[in-house]
Amino acid sequence: MLDREIIQLWKSGLSKNQLAKVYKTRYNHGIRIIRSEMKNRHAGRYISSYDALAYVEKTILRHLQIEQRKITK
């Protein structure tokens, strides 16, 4: 899930907790696919809800800071 997608869903009305659930599900599904191959069975790491929420919050904050800089210039 790209940062653009997170911002787009956030602007459409999803809360950061709902976004964290979506992000966690998509991320862990991608890891599950990578780990399905025998040679990559130990690759990657699943993330917790806390890690997903932290990533979503950082992404939203970064976006808001960029928007604030555009307004003040």
Answer yes or no as to whether His29 is in a helix (DSSP H, G or I) and open to solvent by 90 Å² or more (accessible area, probe 1.4 Å). yes
Would you check which residues across the range 29-53 are under 11 Å from the mean Cα position of the chain (by Cα) and either closer than 15 Å to Leu2 by Cα or basic (Lys, Arg) (or both) and list them? Ala52, Leu53
Matching residues, the range 39-73, being open to solvent by 70 Å² or more (accessible area, probe 1.4 Å) and not in a helix (DSSP H, G or I): Arg41, His42, Arg45, Tyr46, Lys73
At pLDDT below 95 and open to solvent by 70 Å² or more (accessible area, probe 1.4 Å): which single residue out of Ser12, Ser36 fits that description? Ser36
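The values are calculated or read from the model by the stated rules, or taken from the named source; none is laboratory data. Predicted model only: the values in this text are computed from it and were never measured. Just the protein is used for accessible areas: all its heavy atoms, side chains included, with ligands, DNA and RNA removed. Shrake-Rupley method; radii C 1.70, N 1.55, O 1.52, S 1.80 Å.
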